[in-house]
Amino acid sequence: MYDMYDMIFKRKSFRRFDDTLALSNEELQKIEQQLYKFPPLVDDINLKYQIVKQDKTTCKRGEYCLLVYSEKKEDYLLNIGYVLAQLDLWMASENIGACWYGMGKTTEQQYGGLDFVIMLAFGKGHSVEFRKDYTKAKRKELAIIWNGESLVDVANVVRYAPSSCNSQPWRVFCESADIQIYRSTQVRSMIPEGRRPYYNSIDMGIFLCFMEITMKNKGYEFKRMLYAGQKKDEDEDLIAVANYRIL
Ligand SMILES: Cc1cc2nc3c(=O)[nH]c(=O)nc-3n(C[C@H](O)[C@H](O)[C@H](O)COP(=O)(O)O)c2cc1C
């Protein structure tokens, strides 16, 4: 997981795929093997995957779709974000373009006794099609998402994590060795309000993955604690997600 740091700057959401390129059977097998190697955020949540041709879903992009199924235990959405963020980065390292596809629908709502959660479209890409200058990717001003003077080197990387409708729901409060991560309930997005906690929880899992890869890369050792969604305080629209203590 930690060797994927450079891919943070290369990855992007692929929305145009070159139809003349196709993934080989070996590449598909490699993806299937790789899927079960990514460390989860929460150990005892069963995940299963199906790779189907794109036209078996409502998705109009990519050669294939990865359908993701999970047990619905506490923090299962965070867990999916965390695991699949690793896949997104790993795919970039293999020149496979991917796009999270929250809007995508499948008739295969259950698989192996688990419920469908989200899909990712993917297909072979040319290396030149990946992100060339990550600083040009549209993101919120740092001051909106990061409070506190410490770990700004980390902040300037993790702010490029992908999120549904680019909503970037993460809000970080950093005080010396203590990093509190929250999910904002006040994000602007096209997603209907009732569905925002669902997608933004997946986004938060992606963010935690980016945090950990980046902290490790910058030489910070840390201990993580997950919270079960308490509010920051009564006046604020922030839901506690995790805490990192730098050791
Ligand atoms: C959980 C999730 C769901 C998403 N759903 C869609 C989608 O349905 N359609 C789409 O075109 N992009 C989707 N995206 C991609 C985001 O729009 C994209 O990550 C964001 O705009 C940032 O751009 P980047 O990934 O190129 O850095 C989704 C991303 C995430 C994390």
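From the list I8, I31, pick out the single residue that is at pLDDT 95 or above, part of a helix (DSSP H, G or I), of a type in the set (V, I, T) and more than 16 Å from the ligand (Cβ to nearest atom). Matching residue, one of I8, I31: I31. Listed by position, the strands (runs of 3 or more DSSP E) contained in region 112-199 that have at least 3 residues being on the phi < 0 side of the Ramachandran plot and in the same structural domain as L67 (by TED's automatic domain parsing) are 114-124.
For E74, the conditions (1) within 16 Å of the ligand (Cβ to nearest atom); (2) part of a loop (DSSP other than H, G, I, E, B); (3) touching a residue at least 40 places away in the same chain (Cβ under 8 Å) are fulfilled apart from (1). Annotation note: Cβ proximity below 9 Å between a residue of region 163-177 that is polar (S, T, N, Q) and a residue that is more than 8 Å from the ligand (Cβ to nearest atom) and in a strand (DSSP E or B) (sequence gap 6+ or interchain) occurs for S163/W170; S167/S184; Q168/S184; S176/I246. Scanning region 130-146 for residues that are of a type outside the set (F, W, Y), surrounded by 14 or more Cβ atoms within 10 Å (Cβ to Cβ) and away from the ligand (no atom under 12 Å from the Cβ) yields one hit, I145. Within region 161-179, restricting attention to residues that are within 16 Å of the ligand (Cβ to nearest atom) and buried (at least 18 other Cβ atoms within 10 Å of the Cβ), the residue that is nearest to S189 (Cα to Cα) is S167.
The values are calculated or read from the model by the stated rules, or taken from the named source; none is laboratory data. None of the values given here were measured: they were computed from a predicted structure. Note: ideal-geometry Cβ built from the backbone for every residue, glycine included; neighbour counts use all protein chains shown.
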